[in-house]
Amino acid sequence: MKKRICIFTGSRAEYGLLRPLICALKEEGSFDIRLLVSGMHLQKEHGLTHREITGDGIAIDALVRILHKDNSSNGVARAVGTGIIKFTKILNQWKPDIAIVLGDRFEALAMSISAMLARVPIAHLHGGEATYGAMDEAIRHAITKMSHLHFTSTKEYRSRVIQLGEDPKRVFNVGALGIDNIRQLKLLTREELQRKMGCSLKEKNLLITFHPVTLHPGRSKGQFRILLKELDGLKNTRLIFTKANADMEGEEINRLIKKYVEAHKDKAVVFASMGQVAYLSAMKYTDAVVGNSSSGIIEAPSFKIGTVNIGDRQAGRVRAASVIDCAPAPAGIKRALKCLYSAKFQKKLRAVANPYGPGGASERIVNILKRRQWSGLLTKEFFDIETARKR
């Protein structure tokens, strides 16, 4: 009898990372895969990205609407509560042997609580990471403590999961799933990308993704305005914006993007969701990822392009030498953009190595799940590092 796996996705970025793993698990043939799709995937303002999933030929077993138009703290809390109720009902119906959850968003937290209540073991991907400027930091570690198998993207993150009291025998460093997409997907040519975007690339090109700084309410809008002002001073530069996540203050950022693009149609374009192929293709043909997205930290180095990482939303993550960190202030952003296009930095990019590995994470996860004994996963003890050292 096939082992049943429930895979959860609640956002475009999360699905993009999960896609190679979903395909690898389906191709392996010894698992019964159930896909639960929720969150931003069902929102028109975020591109109705559940269509991208079915467009990839992947069947969706449940579409669950949990988000509300109100993206304040009250709205997010309601979404989590709604998710717990609806996800728990589905898990009790499906009775999966394990649930796969990636990352640190509040939708993933709701799914993890549901799995815990339904007594379904959790396999957590990308645990142990650090993002000091976002509430994702606390959510990620909370999911780690509810989980039973852990697949991390670096050795440092594996050590951190163990430091949180997880048994080393259950924690596996497999690398970052995003690198698998870069290896496996057929990316667009420059001409195909330009047709997809509906505009031409210029002498210089930047891919801009800026998400709310959720630990500092009220600051995101001001920080993004500063970024827009600095970008406005760039000459002969194509600005490719992707909209912010459905986080608190995300709508405010998206309104600023819309207003800016409408006033600068000669240089700027915006997408609710580019889709994984187009987004990675844009990385291939742009000079840098600008903003505070994890894609600038994890995927961008594999293309040997720069990243202008603004503020502390990604503070704490392992980063390559291609990442330029700067404060969300005019002088800091101006210096970072100047550094990006300097001959010295451009020369350094040629030798950049991605600390998140060369790819192959999905295959490693599949092999571990095939070999691993699943019975008894729900019962786990706190692994005390000091006690282990004394043995």
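Please treat every number below as a calculation from the coordinates, not as lab data. Keep in mind the model is a prediction, meaning the values are calculated, not measured. No Cβ is skipped: glycine too gets one built from the backbone with ideal geometry, and neighbour counts run over all protein chains shown.
Some values worked out for this structure:
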read-out: Charge dipole (the chain, unit charges on Cβ, about Cα centre) - positive-most of Cys199, Phe106, Ala246; value: Cys199
read-out: Cα-based helix-to-principal-axis angle, 361-371 vs the chain, degrees rounded to 10; value: 0 degrees
read-out: Which of His141, Leu340, Ser362, positive extreme of dipole for the chain (C-beta unit charges); value: Leu340
read-out: Relative contact order, percent, segment 190-349 [alpha-carbon distance under 8 Å, six or more residues apart]; value: 23 percent
read-out: Cβ-placed point charges (K, R +1; D, E -1), dipole of segment 1-101 about Cα centre in debye, nearest 20; value: 320 debye
read-out: Between 0 and 90°, nearest 10: helix 330-340 axis offset from the chain longest Cα axis; value: 90 degrees
read-out: Ranked list, fewest to most other Cβ atoms within 10 Å of each Cβ, for Ile53, Ile226, Ile368, Ile240; value: Ile368, Ile226, Ile53, Ile240
read-out: Listed residue (Pro301, Tyr285, Gly275) projecting farthest to the positive dipole end of segment 236-337, Cβ model; value: Tyr285
read-out: Counting all C-alpha pairs of segment 190-349, share separated by more than 21 Å (%); value: 41 percent
read-out: For His264, His46, His124, His211, order by how many other beta-carbon atoms lie within 10 Å, fewest first; value: His264, His46, His211, His124
read-out: Value at 222 nm in deg cm²/dmol, rounded to 500, when DSSP H runs of n ≥ 4 in the chain each add -39,500 (n - 2.57); value: -13000 deg cm²/dmol
read-out: Difference of contour (0.36 nm per residue) and Cα-Cα distance, Asn74 to Arg119; value: 13.4 nm
read-out: Residue-span extension gain [Asp266 to Glu386] - 0.36 nm each, minus C-alpha spacing; value: 37.2 nm
read-out: Between segment 267-316 and segment 1-73, the Cα center-to-center distance that results, in Å; value: 22 Å
read-out: Assigned charges on the beta-carbon of Lys, Arg, Asp, Glu; the chain dipole about Cα centre (debye); value: 600 debye
read-out: From phi via Karplus (6.51, -1.76, 1.60), per-residue ³J(HN,Hα) for segment 182-193 in Hz, x at Gly/Pro; value: 4, 6, 9, 6, 7, 7, 6, 6, 4, 5, 5, 5
